[in-house]
Amino acid sequence: MNFDIFETFRTLSTAFGPSGREHGIAETITEIIADTVPRIGDWDHRTDAMNNLIYHRPGKGKKVLLAAHMDSIGIVVTHIDDNGFARFAQVGGLMLGDLIDCRVRFANGTRGVISFEEKTEYKNLGFDNLFLDIGAKDKAQAEASIQVGDFAVFDGEPFAQGDIICGPYLDNRIGCLTLIAAMAQMEQTDCDLYVAFTAQEEVGLRGAQTAAFAVQPDYAIAVDVTDTGDMPERKYPMAVRLGEGPAVKVMDRSVICDNDVKQALYRAAEQTGIPVQREIMEFGGTDTGVIQRTAGGVKAGAVSIPTRYIHSPNEMASISDIRNAAELIAHAVSVGFEK
């Protein structure tokens, strides 16, 4: 891998790209790929009507799709009151506790802080009690910077500490980084290879559905984050730990992964000496589910990056897990999915 994982993540995490507004992150991914992937002239790429960014390198073998969603969760302004404070709705799934005193930023650079109505006891707070403060003195001044319908995202500075990387939007910019790194390592493959950076995953797996229908692959691997079971007083047991290797998904609420794809990933792990974990996620799903159900069906699996504090402004993952995930996928695709 010929680029720095943390610095690349820093660039990806600060690119603007909430669900439905992925143009900024798509441009950033395109620039990184142009600078990173050898023989980029062998690939063509396009952006479809859903804002999916799809790369294709023709081949004579099986049609393979790799996918990672590039959109992020965020908020959208729904109302601005006479005093210049804004109300908002969720774009994707947010945890109320993560939003108190959280900084956000808009596409035009305007920043603000989310706070709550102090008349409401903290234990009784709901999303209806939250508001956004951009420091405006009144509605007119606020509307000079933001409008109803404007989207905002978490505003935070990533950091690296030893093998740990932390910051906003590891979900799923780190999946995008993993696929970029895998592309850089797959200089020779027989398959007809597609790599899709999908849109609107956080609001219903929408982009992956249309991208997979357009490609109609024989095999697919989606890359996303997954919870870990290694924190104090975990609510339910999970056999995934930070720093112990990427996780090969067995199932989640949206998918039971194809056995041929799982076995190909296990073989790749054995052949490369990469440690892998087995993931069963009892709640939630990823692009894998809709890809598997596309057209007449797709043999689909997933590689997940163990991540703590998902959907918060301070998600945490292991750099070695990310590096190993990229190598694992590159090797599995290069060798093929059939014994």
Residues located in segment 118-145, provided they are part of a loop (DSSP other than H, G, I, E, B) and touching a strand residue (DSSP E or B) at 6+ places or on another chain (Cβ under 6 Å)
LEU125, ILE134
Specify which of the listed residues (ALA49, ALA26, ALA68, ALA34) is hydrophobic (A, V, I, L, M, F, W, C), within 24 Å of ALA326 (Cβ to Cβ) and more than 15 Å from the chain's Cα centre (by Cα).
ALA34
Index of the failed condition, ARG173 passing every other in (1) basic (Lys, Arg); (2) open to solvent by 50 Å² or more (accessible area, probe 1.4 Å); (3) within 13 Å of the chain's Cα centre (by Cα)
(2)
Per the filter on segment 288-303, residues in contact with a helix residue (DSSP H, G or I) (Cβ under 8 Å, 6 or more places away or on another chain) and under 29 Å from MET95 (Cα atoms) are VAL290, ILE291, GLY301, ALA302, VAL303
Taking the criterion of being farther than 21 Å from VAL298 by Cβ, modelled with pLDDT of 95 or more, open to solvent by less than 10 Å² (accessible area, probe 1.4 Å) and touching a helix residue (DSSP H, G or I) at 6+ places or on another chain (Cβ under 7 Å), would at least one residue in segment 64-80 satisfy it?
yes
Can you list the strands (runs of 3 or more DSSP E) found entirely within segment 239-339 that contain at least 1 residues being open to solvent by 20 Å² or more (accessible area, probe 1.4 Å) and free of Cβ contacts under 8 Å to residues at least 60 places away in the same chain?
247-251, 277-280
Starting from segment 210-226, take each residue that is closer than 9 Å to LEU66 by Cβ and list its partners that are charged (D, E, K, R) and part of a helix (DSSP H, G or I), counting only C-beta distances under 7 angstrom and pairs at least six apart or across chains.
ALA222/ASP287
Yes or no: segment 149-160 includes at least one residue that is free of Cβ contacts under 8 Å to residues at least 12 places away in the same chain, part of a strand (DSSP E or B) and surrounded by fewer than 24 Cβ atoms within 10 Å (Cβ to Cβ).
yes
Would you point out which residue out of PHE85, PHE106 is in contact (Cβ under 8 Å) with a residue 12 or more places away in the chain, touching a strand residue (DSSP E or B) at 6+ places or on another chain (Cβ under 8 Å), open to solvent by 30 Å² or more (accessible area, probe 1.4 Å) and among the aromatic types (Phe, Trp, Tyr)?
PHE85
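The values are calculated or read from the model by the stated rules, or taken from the named source; none is laboratory data. On a predicted model such as this, the values are computed, not experimentally measured, just so you know. Don't worry about glycine lacking a Cβ; one is built from the backbone with ideal geometry, like all the others, and counts go over all protein chains shown. For accessibility, only protein heavy atoms count, side chains too; no ligands or nucleic acids. Shrake-Rupley method; radii C 1.70, N 1.55, O 1.52, S 1.80 Å.
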